[in-house]
Amino acid sequence: METKELPKLNLGFSPEKKPEISENPSEDLSSGIGKEKVEALKKSIFEIKEMVSGRNKLSRQIFQEGEKIKTEINNYLIENEGVGVGTDSNDLIREKNDLRSKKVGISELQLNEKIGAWKDIALLKKELREYERELIEREERLNMITKILGDEEK
């Protein structure tokens, strides 16, 4: 029987070449373990804070635009207060009532926007608290691992 030599497998290291070990192994382990997740959590927290700020800004803009429209309606009604009195103009009275109705509708929209913004922000803040709690836990674990590995070196 003839024996053949098996091909050598390249497993990434050779007996001649020893793997390098850094001066401070705890730094290598602690910097790799969980660092990426901590950074991702910090980024998520930042993005949620920006979304809360953006939602507040949007809500204020919608409210201000509604106030501007209501002011324009009020000014129009005041300017035309005496017009149509004594005349038989049902169209003018109907138009004024429609404008008053639109003013009430805008007020309702503003109220709904305030409620909607409050709900959106409450949900975002709930998510923010969860991410912040997870970030604190991860950072504490990372510090604990660093401390444990640092104690082992001594």
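The values are calculated or read from the model by the stated rules, or taken from the named source; none is laboratory data. Remember, predicted model here, so these are calculated numbers, not experimental data. Don't worry about glycine lacking a Cβ; one is built from the backbone with ideal geometry, like all the others, and counts go over all protein chains shown.
So which of Ile73, Ile121, Ile93 ends up being at pLDDT below 95 and within 38 Å of the chain's Cα centre (by Cα)?
Values: Ile121 fails: at pLDDT below 95; Ile93 fails: within 38 Å of the chain's Cα centre (by Cα).
Sole residue among the options that is at pLDDT below 95 and within 38 Å of the chain's Cα centre (by Cα): Ile73.
Residues that are assigned to a loop (DSSP other than H, G, I, E, B) and either closer than 30 Å to Lys103 by Cβ or modelled with pLDDT of 55 or more (or both) do occur in the range 26-45. Pairing residues of the range 55-83 that are in contact (Cβ under 8 Å) with a residue 40 or more places away in the chain and under 30 Å from Leu124 (Cβ atoms) with residues that are among the acidic types (Asp, Glu) and assigned to a helix (DSSP H, G or I), at Cβ distances under 9 Å and at least 6 apart in sequence or on separate chains, gives Arg55/Asp120; Leu58/Glu113; Ser59/Glu113; Ser59/Asp120; Ile62/Glu113; Phe63/Glu113; Gly66/Glu113.
Pairs are defined by a Cβ separation below 6 Å, a sequence spacing of at least 6 or placement on different chains, a first member in the range 122-133 that is closer than 13 Å to Phe46 by Cβ, and a second member that is of a type in the set (S, T, N, Q); the pairs so defined are Tyr131/Ser44.
Among the numbered conditions (1) over 30 Å from Ile136 (Cβ atoms); (2) at pLDDT 95 or above, the only one that Arg55 does not meet is (1).
Return yes when Glu134 is surrounded by 14 or more Cβ atoms within 10 Å (Cβ to Cβ) and either part of a helix (DSSP H, G or I) or modelled with pLDDT of 90 or more (or both) and no when it is not.
Working: surrounded by 14 or more Cβ atoms within 10 Å (Cβ to Cβ): yes; either part of a helix (DSSP H, G or I) or modelled with pLDDT of 90 or more (or both): yes.
So Glu134 passes the test.
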